[in-house]
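One structure is given below, encoded as structure tokens.
The values are calculated or read from the model by the stated rules, or taken from the named source; none is laboratory data. Being a predicted model, the structure only gives us computed values, none of them experimental. A quick note on method: Cβ atoms are made from the backbone with ideal geometry, for glycine too, and the neighbour counts reach across all protein chains shown. For accessibility, only protein heavy atoms count, side chains too; no ligands or nucleic acids. Shrake-Rupley method; radii C 1.70, N 1.55, O 1.52, S 1.80 Å.
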Amino acid sequence: MPHTAPKTASVSCGLAALATCLLVLLSLAPAQAKEPTIFLISHAGAGDPFWGIEFKGARDAAQRLGVDLHILAPEFPNDIMRQRELLEQAILAEPDGIATTLSHPTAFTPSLKAAKQRGIPVVIFNSIPTEVDRTTTPFLAYIGMNDFTAGQRAARQALASGKLTGRVCVAAQQFGVPGIMARLRGLRSILEPKGLNVDVVDMTADPALAVSAMRNYLERHKDVSALFSLGPVVTHALVGLLQERRDLYVGCFDLSPLTVQLIEAGVVAFTIDQQPYMQSFMAVTLLNLAARYALTPTDINTGVGIVDKTNVQAVQDLARQGIR
């Protein structure tokens, strides 16, 4: 009777052959001779601890992959016209790829159409309006978190504590930025049907004014049970106030070393981690693959992660390194 090889051996041989074929195909791929030039453009940056993580992720990817990276950002956060100028400047340089945030549903449409006509691959990272039409505002992929879903997740996490009653306050920075507004809508979609009043305090770029605005609000509304900070700029500005008002249930968005400390101290209950390092790292990586191997970038959902006292130790060192 003829000997039949075990099925596991056949599978192993098949995988080995497949791996060999892939290595051969990659070695034959028409890799780009020079290092790709990639522009990364954001709607914010200066003075924002969140964007330090985004930029680090992009720089680390560029260094590892041999990419000529140029990072551009407006001098003032959410300056849409200036961001559009920077995007057009990048297009005129005819790079091998562009990664940009999309801080308005239509303001960047002409520029993105121009990039497509010139054959420049564009991916969007971190921020994107929910109403954007990808057929008229062309780009290849979105790498980032679903901010509306993140707002809903934060609301459910807070409700599970049983500490929310009457009124909650949402402290919003860069009011009008699509991602920030989507987080707010997500919070409201869960909290308001539960009978909670959701107030919004528009925090200014001046930390002193931001603290003053929040103090005035809290003095006028004694029934506030919880406060949601939509970003680390707000969390950092309000740290003294939050330490004073330990009666408030506090939920945040995004990580920073200070936010980690506040979670460990019990001042902040949790924060939503959208993994910004991954967003920019993968944006540069996908554009590098497009430039070198004509691989089409694809959407990547960087997730909605909860960091609280149960898992904060796992991200503590990474937050200090500017990775989480």
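Structure summary
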item: Test result for Val307, open to solvent by less than 10 Å² (accessible area, probe 1.4 Å), more than 20 Å from Ile71 (Cβ to Cβ), in a loop (DSSP other than H, G, I, E, B) and touching a strand residue (DSSP E or B) at 6+ places or on another chain (Cβ under 8 Å); result: no
item: Whichever residue in the stretch 310-324 is out of contact with any strand residue (DSSP E or B) (no Cβ under 8 Å at 6 or more places or on another chain) and outside any helix (DSSP H, G or I) and, among such residues, is least open to solvent (accessible area, probe 1.4 Å); result: Gly322
item: Scan of the stretch 165-180 for residues that are buried (at least 20 other Cβ atoms within 10 Å of the Cβ) and either in contact (Cβ under 8 Å) with a residue 60 or more places away in the chain or not β-branched (Val, Ile, Thr) (or both), ordered by number; result: Val168, Cys169, Val170, Ala171, Ala172, Gln173, Gln174, Val177, Pro178, Gly179
item: Of residues in the stretch 262-280 being under 11 Å from the mean Cα position of the chain (by Cα) and either open to solvent by less than 40 Å² (accessible area, probe 1.4 Å) or among the acidic types (Asp, Glu) (or both), the one farthest from Ala158 (Cα to Cα); result: Ser280
item: Residues of the stretch 112-136 that turn out to be farther than 21 Å from Trp51 by Cβ and modelled with pLDDT of 95 or more, as a count; result: 10
item: Inter-residue pairs, beta-carbon under 7 Å, first open to solvent by 60 Å² or more (accessible area, probe 1.4 Å) and in the stretch 183-196, second aromatic (Phe, Trp, Tyr), 6+ apart; result: Arg185/Phe148
item: Pairs where the first residue, in the stretch 268-280, is in contact (Cβ under 8 Å) with a residue 60 or more places away in the chain and under 10 Å from Asp254 (Cα atoms) and the second is in a loop (DSSP other than H, G, I, E, B) and of a type in the set (Ser, Thr, Tyr), C-beta under 6 Å, 6+ apart; result: Gln274/Thr302; Gln275/Thr302
item: So Ala172, is it farther than 27 Å from Thr100 by Cα and at pLDDT below 95; result: no
item: Failed item, numbered, when Leu18 is tested on (1) in a helix (DSSP H, G or I); (2) modelled with pLDDT of 75 or more; (3) farther than 29 Å from Thr259 by Cα; result: (2)
item: Search result, residues across the stretch 220-248 that are touching a residue at least 40 places away in the same chain (Cβ under 8 Å), open to solvent by 10 Å² or more (accessible area, probe 1.4 Å) and within 24 Å of the chain's Cα centre (by Cα); result: Val233, His236
item: In the stretch 45-72, residue least open to solvent (accessible area, probe 1.4 Å) [restricted to those that are modelled with pLDDT under 95 and of a type in the set (A, V, I, L, M)]; result: Ile53
item: Of residues in the stretch 113-157 being without any contact (Cβ under 8 Å) to a residue 24 or more places away in the chain and of a type in the set (Lys, Arg), the one least open to solvent (accessible area, probe 1.4 Å); result: Arg134
item: Verdict on Tyr217 being under 30 Å from Val284 (Cβ atoms), buried (at least 16 other Cβ atoms within 10 Å of the Cβ), in contact with a strand residue (DSSP E or B) (Cβ under 7 Å, 6 or more places away or on another chain) and among the hydroxyl-bearing types (Ser, Thr, Tyr); result: no
item: Selection within the stretch 253-278 - aliphatic (A, V, I, L, M) and either part of a helix (DSSP H, G or I) or touching a strand residue (DSSP E or B) at 6+ places or on another chain (Cβ under 9 Å) (or both); result: Leu255, Leu258, Val260, Leu262, Ile263, Val267, Val268, Ala269, Ile272, Met278
item: Index of the failed condition, Arg292 passing every other in (1) within 24 Å of Gly52 (Cβ to Cβ); (2) out of contact with any strand residue (DSSP E or B) (no Cβ under 7 Å at 6 or more places or on another chain); (3) touching a residue at least 60 places away in the same chain (Cβ under 8 Å); (4) surrounded by 14 or more Cβ atoms within 10 Å (Cβ to Cβ); result: (1)
